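**Q** First the structure, then my questions, so here it is.
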Amino acid sequence: MSNRALALERLRAARLYLALEGRAAGVVEPALRGGVDMVQLRDKDASDASLAAAGRRIRELCRTHGALFLMNDRPDLALALDADGVHLGQDDAPVEDVRAEVGDRLLIGLSTHSPEQIAAAEASSADYYAVGPVHETPTKPGRPAVGLELVRHAARVASKPWFAIGGIDAANAHEVAAAGARRVVVVRAIRDADDPEAAARELSAAIGTEAAVGR
């Protein structure tokens, strides 16, 4: 079984996905203890050396806890760091170009912001996609919120694993789950929490991590 096939099994079971910068790597271990299933290193301004150092640290923590580790935007670094996957934005390299580069060695995720982009993600070789931002968030400056209707749309049409993203926290995760999301990506809700482990547990409960699997 390929690395991607093994990672796909864990992806399908994943519910809580944390994205953060290398400087916040100290949050990762308590977040994993609290129930985070996937961690993405996302740091547009860091040097390659800084990304590699943070990536190695996060990768080992994820392996210890049975979680997936992904790099944002950089398939080259994802391969070099033996990550589980790479996440792409709409302005990054096209999915099929990255798939040709990484083959079956990596999962590929894709950000989507419209029904058309969801349809394209479904037709692509991406393994999962993120839907949002559900709410406006400073981690996506200039990106308007899509609201819950796009979450409902994804819930109706998805055949691949997908995650709601954007301004989601324990206070509003219930409504995102009610709209059909079974998986969420968060940044500030865990990264900036006084107790990241407790924040992760609260989010897991809010989205029904122990509930029915869903797509």
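The values are calculated or read from the model by the stated rules, or taken from the named source; none is laboratory data. Predicted model only: the values in this text are computed from it and were never measured. Note that each Cβ is placed from the backbone with ideal geometry, even for glycine, and that neighbours are counted across all protein chains shown. All accessible areas refer to the heavy atoms of the entire protein, side chains included, with ligands and DNA or RNA removed. Shrake-Rupley method; radii C 1.70, N 1.55, O 1.52, S 1.80 Å.
**Q** Rounded to the nearest 20 Debye, what is the dipole magnitude of the chain about its Cα centre when Lys and Arg each give +1 and Asp and Glu each give -1 at the C-beta?
**A** Roughly 440 debye for the chain.
**Q** With a ≥ b ≥ c taken as the square roots of the eigenvalues of the C-alpha gyration tensor of the chain, please select rounded if a/c is under 1.5 and otherwise prolate if a/b is larger than b/c or oblate if it is not?
**A** Rounded, because the longest to shortest axis ratio a/c is under 1.5.
**Q** Looking at Asn72, Gly34, Ile58, which one has the Cα that reaches farthest to the positive end of the dipole of the range 22-93 (charges on Cβ: Lys, Arg +1; Asp, Glu -1)?
**A** Selected residue: Gly34.
**Q** For every helix of n ≥ 4 consecutive DSSP H residues, a contribution of -39,500 (n - 2.57) applies; sum these over the chain, divide by its total residues, and give [θ] at 222 nm rounded to the nearest 500 deg cm²/dmol. Display every interim value, and only then the final one.
**A** Values: 10 runs with 90 residues, N = 215.
After summing the helix terms and dividing by residue count, I get -12000 deg cm²/dmol.
**Q** On average, how much accessible surface per residue is there in the chain, in Å², for a 1.4 Å probe, leaving out ligands, DNA and RNA?
**A** Numbers: 9260 Å² over 215 residues.
Spelled out: the 1.4 Å probe surface of the chain, per residue, equals 43 Å².
**Q** With each pseudo-label sitting 7 Å past Cα toward Cβ, what's the Gln117-His174 distance in nm, one decimal?
**A** 2.9
**Q** With a 1.4 Å probe and every protein chain kept in, tell me what percent of the accessible surface of the chain is carbon plus sulfur.
**A** Carbon-and-sulfur percentage of accessible area, whole number: 49.
**Q** Next up: Using r as the Cβ-Cβ distance of Glu96 and Leu6, and R0 as 30 Å, what FRET efficiency do you calculate, to the nearest 0.05?
**A** Once the sixth-power term is evaluated, E becomes 0.85.
**Q** Check Leu110: other-chain or 5+ apart residues with amide H under 5 Å from its amide H, H built from backbone geometry?
**A** Leu88, Tyr128, Tyr129, Ala130
**Q** With +1 on each Lys and Arg Cβ and -1 on each Asp and Glu Cβ, how big is the dipole of the range 8-115 about its Cα centre, in debye rounded to the nearest 20?
**A** Working: 14 positive and 18 negative charges, 108 e Å.
Dipole of the range 8-115, to the nearest 20 debye: 520 debye.
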